[in-house]
């Protein structure tokens, strides 16, 4: 919420209503929200709170019933399906709980995949861009490995590299630690913290309070509304937490900076 940074997400009175038979389900009830560049935001809430609906709207995977949404200065309302696809490809990097990697496809090929849909041809050397992204997440020595040859944490880092390759305005991470053990979850949060320190805006959906403590700002939702929005005062440092774990655990690979 630093006013010195430009707004990368601006949402005004966003409403999303689903009709199921004769019943109207009010998933979002007039959400207004600003996220500035370089922020690290965690969105929390119980099942049915609206956090997944909000994430889908921010990620241009759904359209609101009413309200306004501006992404990195662009008006998102009333776009065509092709325009939505272009914005998703150029402005947003997605990280999912289940990784969504292609089996029997190497790490570097998985990371190159979004560049195949780069209609603006912004990236002139997709292979090098993929290698650079893998380097940023500490996987330079795994470029020819397929997903089933990687650990869960390495698979999630691979998914993060794929999200980075288009140099998006924001990364949206939906329960990225949901399928990982405690140490690997902290590894992934250390990576997110380091990427955020490098200037990447991150929005994370999680139901785990201990994971949210690694962010800079927490938004709590209930019944389709934001009930709390606050900065983390005593933010957890994932790298320090890793150092405090038993030494017989495998060390995390240091993330390269750019």
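Restricting the search to the range 133-142, which residues are part of a helix (DSSP H, G or I), surrounded by 18 or more Cβ atoms within 10 Å (Cβ to Cβ) and within 19 Å of the chain's Cα centre (by Cα)?
Step one: filter the range 133-142 for residues part of a helix (DSSP H, G or I), giving 133-136, 140-142.
Imposing the further condition that a residue be surrounded by 18 or more Cβ atoms within 10 Å (Cβ to Cβ) reduces the set to 133-134, 136, 142.
Answer for the range 133-142, where residues must be part of a helix (DSSP H, G or I), surrounded by 18 or more Cβ atoms within 10 Å (Cβ to Cβ) and within 19 Å of the chain's Cα centre (by Cα): 133, 134, 136.
If residue 100 satisfies all but one of (1) on the phi > 0 side of the Ramachandran plot; (2) free of Cβ contacts under 8 Å to residues at least 40 places away in the same chain, what's the number of the condition it fails?
Of (1) on the phi > 0 side of the Ramachandran plot; (2) free of Cβ contacts under 8 Å to residues at least 40 places away in the same chain, only one is false for residue 100: (2).
Taking only pairs six or more apart or across chains, which ones have beta-carbon atoms under 8 Å, a first residue in the range 141-158 that is more than 19 Å from residue 181 (Cβ to Cβ), and a second residue that is in a loop (DSSP other than H, G, I, E, B)?
Hits for this filter: 142/150; 143/106; 144/106; 145/106; 146/103; 146/104; 146/105; 146/106.
Output the residues belonging to the range 7-48 that are in a loop (DSSP other than H, G, I, E, B) and within 19 Å of residue 229 (Cβ to Cβ).
37, 38, 39, 45, 46, listed by residue number.
When residues of the range 214-238 are filtered for being more than 30 Å from residue 17 (Cβ to Cβ), modelled with pLDDT of 95 or more and crowded, with 16+ Cβ neighbours inside 10 Å, how many remain?
Selection size over the range 214-238: 3.
Could you please give the count of residues in the range 85-99 that are touching a helix residue (DSSP H, G or I) at 6+ places or on another chain (Cβ under 7 Å) and either under 19 Å from residue 145 (Cα atoms) or surrounded by fewer than 17 Cβ atoms within 10 Å (Cβ to Cβ) (or both)?
The qualifying residues number 1.
Of (1) crowded, with 17+ Cβ neighbours inside 10 Å; (2) modelled with pLDDT of 95 or more; (3) in contact with a helix residue (DSSP H, G or I) (Cβ under 8 Å, 6 or more places away or on another chain); (4) farther than 20 Å from residue 185 by Cα, residue 129 satisfies all except one. Which?
(2)
The values are calculated or read from the model by the stated rules, or taken from the named source; none is laboratory data. Note that the coordinates shown come from a computational prediction; the quantities given were computed from them, not determined experimentally. Because the Cβ atoms are built from the backbone with ideal geometry, glycine has one as well, and the counts that use them run over all protein chains shown.
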